[in-house]
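Shown next, in structure tokens, is the structure this report addresses.
The values are calculated or read from the model by the stated rules, or taken from the named source; none is laboratory data. This structure is a prediction, so every number in the text was calculated from the model and none was measured. Positions of Cβ are backbone-derived with ideal geometry, glycine not excepted, and every protein chain shown enters the neighbour counts.
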Amino acid sequence: MQAKHHIQESHTQQAQAARLLLQANLAYGESNSNGLSHIQRLQARQECRGYLEEVNALEPGNAVALGLLGRVEMDDGQLEKAHALFTASLEAQPGQSQQYANLGYWALKTERPALAEQNFLQALECDRQSAAAFCGVAHAKRLQGQFDVAYLHYRKLLEAGAEWDSVYSGMLTCAQHLAVNKADQDLVLDAIALLRHEGLPHQEIGRFVGAIIRQQYDLDNPKAEIFLDAACNDELLILALQKTLIPDPAVEELVGMLRRAILAEVAQTVDLRDDLQQLTLAIAQYADRTGYALTAEDDEERLVAAVNDSLKAQLAMGEPQEALIGSLMISSMYGALFHQDIAVHLGQWNLVDWPLALQPVLAASYYHRAEEEGIKQCFDEKAEELCLNKTDVPQAWPAWSKLAYRAESSLKSLMSEELGLATDKLPDTLRVMVCGAQSGQRAMELARYLADVEVIAVDESLANIAKATRMAAESDINNIVFWPWSIARQFVADGHQVHWVEVGRLPSPAMTELSLAALVSNAAGSGAIVHLHTAVAEQTAGDKQMRKLIAEHGLQPTRAALRQLRRMVLTNRQDATWQELAHEDDFYSLGGCRDRWFRPQNKAQLKDLMAMVSNEVEWKLVKARDEDGHSLATRPVQTQIQAEALGSEVQSLMGQNLSVYFQRRR
């Protein structure tokens, strides 16, 4: 009778433990859900921990509970505890695929991708169908620099239906490192899948997509025939024009040829046929992204001028909106509608009043520019633009459309897990300053994905500030502001301090009154982190020669001058002086060219900043990474920094492209 009672009690306990484990798994799933806020996810994680503690009280040594608790500890940054729990789970129940996969992800977290790969392969030996383990192998291969192998793994996951954000993101990262020598249909379909997937930073695969298009259209063959009707039905080409900037002179020529062919047909038939409209709109979007870098022949300029005159007359006569659409499409391939004489009339309609297909082009060409102009009016720096021709007003750069994929976290968690710093005395909300934020992508990623920060993003380009402010508002990112240097300096002068300083693009020599080192020193409070990079981009032989030409001839950054300078480089791109420059992403936008040649980064600012943080009494180097993201021993790097501050050229870090993190001691 007593034995029977014990058996019933044991069964009851097992059932209760099973129910609790089910609830724990559901709570853990919520703790990793992108649909919940960071606070809600932390609450779900805490709830999961509570259920697991109840399971362990009922069934000490339950293998599944130990493994899941290990995941919770790993998410909390307790990596040693997590490893011990995964190991204990395997000891309690050997051969668990899930625990080997957990150990693999633990190894990835501790920057040991080779060990991670071994664990994931062990997991696959236990369960050949484990998508999580197969995905882990892909991540491990990618982090070991085996981008082609990782890419094929990601492709196989997508084919198997594992359409996870991390799979698309990993595949996109690998695509940036692939050399495409032959464009097979599988690669074309991959590129289309990546470009169709919302939420990816498509701007990062322009080179990959451009290489496929180059092969598809045989652009290395001077006798290759290009058919306009074929291009109109090319989904990859149209998606690429809508979403990327392609750093390839041959593809730029292709786009110019297609644009010219469309204009020539319309001039002959006085009609923009339906089949041409999607390609026309895509070219208009692409031209806007380049800052209208694509040059046009004289006959094209005359035809477009006639189209614009016709538009003006139609609007003056009060013709209906439908009658304007074809002409607006043609005009927007060659210049921003906001800069045309007709701009004042377009304001009578809201963006949503136009056909859906036309809205992205009109947004970029007119409505967004009008909104950004309103934002600029808030700053004294706007006075510098008043004397410029409309088409010579600087363009925001870089041209991006989507933030990179990141899992939501908190800055305190990163400081604790990545830098090994105590965060218990920090306030609930940390203030971050991004110096040289450009058009705001990195700053907005910090604001979007870190739940405990408010971000101050600073840049010298008013165009960047206006675009970033508009995009933050569109994305409902409310914990960020974009300021010119003048306001940031006043903010710091008023005694405000920040907990983290991120140094992006350095100020140009035009910022004569700004000392970045002094600003950072005054802004960084006790315990604050300064994150900077030791390399200065935009230093090719072509850039140096270009700056020399500009100085000798007293050139101004007008659209005409920038186009002429670009044309000179493209004509002589096989020349050793220009070869590297013609390969740079920035070169394919007038905004990028303007920054590189007329507002270059001032290396003296970085030198002064490095000299400041080399003072070990005031600053401590807490982390250093190489350009592949691998952690380095801090002592040798600190020694190099100090030697450089004392004037040693031999041990200079400048140009080594390290990512370094310093903490203010007091």
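Numbers below:
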read-out	value
Residue under evaluation residue 294, criteria (1) over 22 Å from residue 217 (Cα atoms); (2) in a loop (DSSP other than H, G, I, E, B), criterion not met	(1)
Qualifying positions in the stretch 401-425 - more than 26 Å from residue 33 (Cβ to Cβ) and either modelled with pLDDT of 95 or more or not charged (D, E, K, R) (or both)	419, 420, 421, 422
Qualifying positions in the stretch 376-432 - under 22 Å from the mean Cα position of the chain (by Cα) and among the hydroxyl-bearing types (Ser, Thr, Tyr)	401, 405, 409, 410, 413
Unmet requirement for residue 117, which otherwise passes all of (1) closer than 26 Å to residue 628 by Cα; (2) modelled with pLDDT under 95; (3) of a type in the set (Asp, Glu); (4) part of a helix (DSSP H, G or I)	(2)
Positions within the stretch 395-412 being surrounded by 15 or more Cβ atoms within 10 Å (Cβ to Cβ) and among the aliphatic types (A, V, I, L, M), in sequence order	396, 399, 403, 404, 411
Subset of the stretch 42-83 [of a type in the set (A, V, I, L, M, F, W, C) and either assigned to a loop (DSSP other than H, G, I, E, B) or free of Cβ contacts under 8 Å to residues at least 12 places away in the same chain (or both)]	42, 57
Helices (runs of 4 or more DSSP H) (entirely within the stretch 575-650) containing at least 1 residues that are surrounded by 15 or more Cβ atoms within 10 Å (Cβ to Cβ), among the basic types (Lys, Arg) and touching a residue at least 40 places away in the same chain (Cβ under 8 Å)	590-598, 603-613
Candidate set from the stretch 483-519 (those that are within 22 Å of residue 447 (Cα to Cα) and of a type in the set (Val, Ile, Thr)); member that is nearest to the chain's Cα centre (by Cα)	503
Hits in the stretch 263-291 (condition: farther than 15 Å from residue 251 by Cα, touching a residue at least 12 places away in the same chain (Cβ under 8 Å) and assigned to a loop (DSSP other than H, G, I, E, B))	271, 272, 291
Some residue of the stretch 161-175 being surrounded by fewer than 22 Cβ atoms within 10 Å (Cβ to Cβ), modelled with pLDDT of 95 or more, within 23 Å of the chain's Cα centre (by Cα) and more than 30 Å from residue 121 (Cβ to Cβ)	no
Number of positions in the stretch 326-355 that are within 27 Å of residue 589 (Cβ to Cβ) and either of a type in the set (D, E, K, R) or assigned to a helix (DSSP H, G or I) (or both)	13
Single unsatisfied condition, residue 128 versus (1) part of a helix (DSSP H, G or I); (2) over 18 Å from residue 64 (Cβ atoms); (3) not acidic (Asp, Glu)	(1)
Residues of the stretch 359-394 satisfying the condition of being surrounded by fewer than 18 Cβ atoms within 10 Å (Cβ to Cβ), assigned to a helix (DSSP H, G or I) and of a type in the set (A, V, I, L, M)	363, 370, 383
Selection from the stretch 174-207 of residues that are β-branched (Val, Ile, Thr) and touching an Asp or Glu at 6+ places or on another chain (Cβ under 8 Å)	192
Close pairs (9 angstrom Cβ cut-off, 6 or more residues apart or separate chains): under 18 Å from residue 72 (Cα atoms) and outside the structural domain of residue 67 (by TED's automatic domain parsing) in the stretch 91-103, assigned to a helix (DSSP H, G or I) and among the aromatic types (Phe, Trp, Tyr) anywhere	99/86; 100/86; 100/120; 101/120; 102/86; 103/86; 103/120
Matching residues in the stretch 579-606 - criterion: being polar (S, T, N, Q) and within 27 Å of residue 530 (Cβ to Cβ)	601, 602, 605
Single condition residue 442 does not satisfy, out of (1) in a loop (DSSP other than H, G, I, E, B); (2) in the same structural domain as residue 508 (by TED's automatic domain parsing); (3) among the basic types (Lys, Arg)	(1)
Filter pass, residue 122 being under 28 Å from residue 186 (Cα atoms) and without any contact (Cβ under 8 Å) to a residue 24 or more places away in the chain	no
Residue in the stretch 413-430 that is polar (S, T, N, Q), more than 25 Å from residue 631 (Cα to Cα) and surrounded by fewer than 23 Cβ atoms within 10 Å (Cβ to Cβ) present	yes
Contacts under 7 angstrom Cβ, first residue in the stretch 292-305 being among the aliphatic types (A, V, I, L, M), partner in a loop (DSSP other than H, G, I, E, B), 6 or more apart	293/589; 296/334; 304/334
